[in-house]
1. When the convex hull of the Cα atoms of segment A:632-741 is projected onto a plane and the area is averaged over all directions, what value comes out in nm²?
2. Using Cα-Cα distances under 8 Å and only pairs 6 or more residues apart, what relative contact order does chain B have, in percent?
3. Limiting things to C-alpha atoms, what are the Rg and the maximum Cα-Cα separation (Dmax) for segment A:302-384, in angstroms?
4. For segment B:27-75, report the % of Cα-Cα distances exceeding 13 Å.
5. Please list 3J(HN,Hα) in residue order for segment A:790-804, calculated via the Karplus relation 6.51 cos²θ - 1.76 cosθ + 1.60 where θ = phi - 60°; whole Hz, with x for glycine and proline.
6. Which lysines have a Cα less than 20 Å from the Cα of A:Lys686, not counting those fewer than 8 places away in the same chain?
7. For segment B:37-187, what does the convex hull of the Cα positions come to per residue, in cubic angstrom?
8. Using bins 10 angstrom wide from zero, how does P(r) for segment A:856-1033 break down, in % of all Cα pairs?
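Since every read-out is calculated from the coordinates, none of them should be taken as a lab result. Nothing here was measured: the structure is a model prediction, and the numbers come from that model. Cβ: placed from backbone, ideal geometry, glycine included. Neighbour counts: every protein chain shown.
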Amino acid sequence: MAPIVIAPLLLVFAQAAEDAAGCRDSALLTRKTGCLIESCSRKDFDAASMLTGRTNGNETLKDIEGKTEEIFYLCPSGTSGLEIVRNIAGALKSAGFQMIFEGKDVDKEHAVTGRKGSAWLMARTNSEGRYHLTTVIEQAMRQELAAQWEAAIGTSGRAVIKGIECEIASARIRPESEAVLQRVAQMLASNPSWRMRVEGHTDGTGSRAANGKLSAARAASVMAWLIGHGIASSRLTHEGFGDTRPLAANTTEAGRAHKRRVEFARMESTRFHNTRKFDKMSVVDRICLIFVAVTGLMAQSPDAQFFEVQVRPILRANCWGCHSEANTTSGLSLQTRESILRGGNRGPSVDIILNAARHVGDLKMPPNKKLTSEQVAVIEKWAAAGLPMPENLVKSKRPGASHWAFQPVVRPGLPTVSNAGWVRNDIDRFILAKMEASHVAPSAEADRITLLRRLSLDLTGLPPTVEEFKQFVADKSTDAYQKQVERLLASKHYGERWGRHWLDIARYADSDGYTIDAPRDIWMYRDWVIEATNQDKPFNEFVIEQMAGDQLPNPTVPQLVATGFHRNTTSNYEGGIDFEQYRVEAVADRVATTGAAFLGLTLGCARCHDHKYDPVSQREYYQLFAYFNNTDEVDKEAERKFFNKPFLEIGSESEKAEFAEWQQKIINAEERMRKRLETYSGDPTKDETLVGIEKELATLRRNKPKLPRTMIMKDLAERRPAYIHLGGDFMRKGAAVEPGVPGFLPQAGNSSGTRLALAQWLVDPKNPLTPRVTVNRVWQKYFGRGIVDSESDFGTQGDKPTHPELLDWLASEFIAKGWSQKALHRLIVTSATYRQASTARTADPENKLFSRQNRLRLDAEVIRDASLVASGLFAPKVGGPSVYPPQPAGVYQVTQVRREWKTSTGEDRYRRGMYTFFQRSAPHPSLIVFDAPDSSVSCTRRNRSNTPLQALTQLNDEASAEFAQALAKRMTSVGESDSARLTAGYEIALGRAPRADEKDRFLRFVRVQRDSQQEPWVAVARVLINLDEFLTRP
Amino acid sequence: MNPLLQTRRHFFRNSSLSLAASYLQAATRHHEAKIDHVIYLFQAGGPSQLELFDYKPELTKYDAKTAPAELLKGKRFAFMDTFSKEPPKMLGTRRQFKQSGNGGMHFSDLIPNIATVADELTMFHGVSTDNFNHGPAKLFMNTGSVRAGRPSIGSWVTYGLGSESKDLPGFVVLQSGPRGPRSGAQLWSSGFLPTSYQGVPFRSTGDPILNLSTPKHVTPDQQRQTIELLRDLNAIEKTHTGDTEIDTRIAQYEMAFRMQTSGPELIDFGKETPETMAMYGAKPGAPEHAFANNCLLARRLVERGVRFVQLYHTDWDHHDDLTKPLEQVTREVDQATAALIKDLKQRGLLDRTLVIWGGEFGRTPMGEVREKGKIGRNHHIDAYSIFMAGGGLKKGTIVGGTDELGFSPTGQPMHVHDIQATLLHLLGIDHKKLTFRYQGRDFRLTDVAGEVIHRALS
């Protein structure tokens, strides 16, 4: 681009005083005498609308882009608008401007627009002696500018970048220079192998020392700006040279201006190459200057030169915006030879790229533009030569790869604290150090009743019994609390509580979902989770067995049952579906669940396109997809009768044989019916054969033999080919992919491409995400908030950890203790941090420092469990098929296929909430009302809402009424005294005696009930199980 | 992130959410709202637009001719096997059509009552959707996604706007017909939004809301005393813990009590005039009048400030017969639909209410024979019809159209996400701005698509 220098026009008017600060006349035109500048703005690159014509009520405007300025003048009263504009028009004409417009605008104000080459000038009067001047020095698009800089670097090793101005005698960069700096930053970003030195230079005015200082400061401020805009500081350095490397004499202002500059020099590792001589510099009229000088270019082989001079500018200007290593739209990067040969989501073919460039076929690139035939010829020549290009063009991975969560877990040292007496274990050091830094003291330890209630609800999901409370309060030994921790960790109910947390993630339910929503056989998986948790199966094995138990050598029955984890996907058996579509949906759900459960990554975002924020490409998504793509599930209509396969049949040999025989009979009968229908043309209801077969089938179906079975994972002998689904559409198959893990994470040691390989990778100690995500989620259950608040998103859009060192310490401790979950629980619940009171305080009101505990409303199932325990009805049985406690009539009114809810009797009526049969299309209302997840997708955190429907449920539901009656019986059994009965109720429900004011209020209620001939104790019991304290973990 | 947003987000994730809180929540409208309430008459199963509104005389000419291969090329249908065994034949309607109103709309003899309110309607022909199976397509229409787990349209609206009702939920679901809609509660789920925005199903028998009645032995006085006692005891607990969540719990119990008193009044049609009852064809307790009863209940809900009322009526899935079963369901629906629109209008409520009528997809111009001597239509996702009535719309106007066979849309296409965007637009919500961050992504009802159908707006 040629430099634009317009000599000042005739000095029509003389200078005035008292302008708005920082404003000055345009270089193109000075002002009318006596007028002042009210305001002004200058932009280094912007668009301005120039008036080019007027028709009746409409103005024709033309947007001109370039360096713009707008100056508003106020002239002495009596100055005529016409006079101002006539004068300006005259000046423009005599300076050789072409007149574009002269006359009145739609507001009847005077206006004039002129143009000379790339310079545009418009003046318009405003009311009452005001006018404003708009000038534009038209410039090519910034995009092209940047391409020119890069091309220049490619050919000559340097380019001149104009437009970065500093304030006089200052290192402050003028705001209008930011547009240019933005482009420099972008250029550096797209050439990540360049390391640059920013050099400051001044003119010869002033002392040598001062000049050295100023030039260094300028270089530093340019460097700081670039770092602040995303350029890694490791790539930049700066130095001030003062006037030691003059480019021009110091005798004229032009020469001095020429010398004040910032230079950029590319460095090869640590060795600094001297910049070339700047003898061919353009005339420069800026206060500071940037040269980009690149030395040490690759060897100037003819191939390299061809690439640099001809190919690169085309790619830079037309392709890399969407197809770079940083932005692989459609999975395609055109920045490395390897990535071009690998191709994008459409497959590995250079022809696809060439045809797109030629505009042959459906795909035409670049979009909305066609390369010239010369440009296409260059690309073709380059392809024919084998795509020669420098290997070090791009070195870095996709952005985001440097994100904290993706870095290895490093065990931090323990921080020192002043109040060491508070510390019970190492967790407390991290928590206290941050509190001390914020001058917040920890809360006092909670009282024993609160502690035991909290601990028991957290570890087993059950409140303590009256005896347990009494025992703990009476235990004066120093390890009284520790004993409770061990008792509860050893309880069989511990596995139920922590198993249920895991079942949220596993999206466990007892029915298929979608339309038919039939019951399914998978409760054995639920029991496996409880059992494995109770046994404290190390978390790495826990994961491997669920992900790929079937691929372990000689898998045991429990290891096969464990693979039900990824069979908890919903399945659709509606008539008329394409089974493949729903199989693909299930596989996609497995990818998403794996991401949320272990990696804290929102992998689902990369199903239709590359992840917008995290370095997961669409290709990588389908590489993960490929791990799960081989299950022997129903994928075609012909297999409908095998729905929900594969199963593990857990029955005796004779049971299995009986079942197989029954299944074969059904298949045979259906086959006979199909054949008969093909040949028979009359009314089928009148055909004896058909009617006979139908009866036979009905009888067969009624008499289905019982065969315990559970859904499991089992792969096909031959792998299903996996493809990238273009736009996420399973019908549009792109390039074939092989199983693989995302490139920005440590790679899998086992490259077999099996689910086992993926599982082993997930729990490889080198994988930084699984341990971090897991310990964070456990922490979240104990405090209501994770160390990372966004527990399912550890990506670049997620929240940062409030205590990053603690997170890594816990993660490394988790691995060091053999992935023992019980050890992790023990560690957390024995900390002083956990044992704090939950009373609200003014210091740290949001509890960001964990300077107190949080009160947490109980989970849906636990509300039922706590009520069962209080009522004395609780049935402690663990495991077994799901049960049917009372449910309000009409819940199944809304299901497509009417289901029958056969209310359980005996102990099954009083089982824990987690055993309630979960029908996806109509879950038990008391579960959903209290925010149990709907089990469609993996749930890593439950909401905790507070609604009137909850009040109605706990007050009025049939089950609550039964609980209240049973609790009342327990209270009245202690004797006749109202006071004793009430105290008994409080101790049963809350573990404590009522306070005096509570007792007074309650006894008043009892009297009112008696006065109105009501039996008071059921009503009292009803109140107790509705108290906020009863519904809350303290 | 904006600290206020952060607070709001944290607030939503962790607690203090309630119908009362959503009542108090300032309406966050992005532009002037044309309507305040929605009554969505969801016709589950896929009503045949070709037997109701989309009059295609040309199709009748091709009746019984084999569908041209190029018409079906690249198209996917449910029950592919029936269509692939033997090329399907075109099917002209057997119904009589008449024009009604000033806009030239056609209505078949199955829906004479709806025809009388033609000048209140905005008819959309040629709407397309993504999935040809009932469950997923219903999820798509209601949540913008074919998979369960996203919030439903009523949840989004109450999340965005709150409710005007102090003693009723903001989003109410009513159900009629021989069975529940496929996908069930997932259709009105709040997904990852707080459960306070979930649709609350009102029942046609027993309590309108689950557990609205107190247990048998509890008198209304005792219930009031119970709530007062809970209030006082919880207030004491607040003084010891300082937990503001307790205030919310107190408020929730008080609102529950108000719901208990207003609920019975709501479902008591005793004060409705005989004329009104006759106009709807309502008859409390009679299952064959369930849709009519629900239409009347919908009006009463809107009168009491409920934001979003959704009626599901099954079953419109006429694969094998377009005569008696279709006549039955239109008989159940036609009169009450028209009555609801007239009634809202005469009460001055139609200006601020949107009535929307339609299913998850339409039916093919090709016939489907499953049983000898009978003929029905398969699911069709490329071009179906829905209609709306209410504020902000061009009344008596047809928007869009279909080709002469009724197979494909003509003119600018209209997709389910566009219908959703338009509905939100009428409520003053920009569908691109009503988002909720979940597992690292900002979700919205219209996913990544949706354009407001401006040509339907007045």
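1. Working: hull surface 44.7 nm².
If you wrap the Cα atoms of segment A:632-741 in a convex hull and average its projections, you get 11.2 nm².
2. Answer for chain B is 29 percent.
3. 11.8, 35
4. It works out to 78 percent of all Cα pairs.
5. Result, ordered by residue: 7, 5, 9, 9, 9, x, 5, 8, x, 6, 7, x, 6, 10, x Hz.
6. Hits, sequence-local ones excluded: A:Lys675, A:Lys695, B:Lys372, B:Lys374.
7. Details: hull volume 25.8 nm³, N = 151.
Measuring per residue, one finds 171 Å³ for the Cα hull of segment B:37-187.
8. With 10 Å bins starting at 0, P(r) equals 9, 35, 33, 17, 6, 0.
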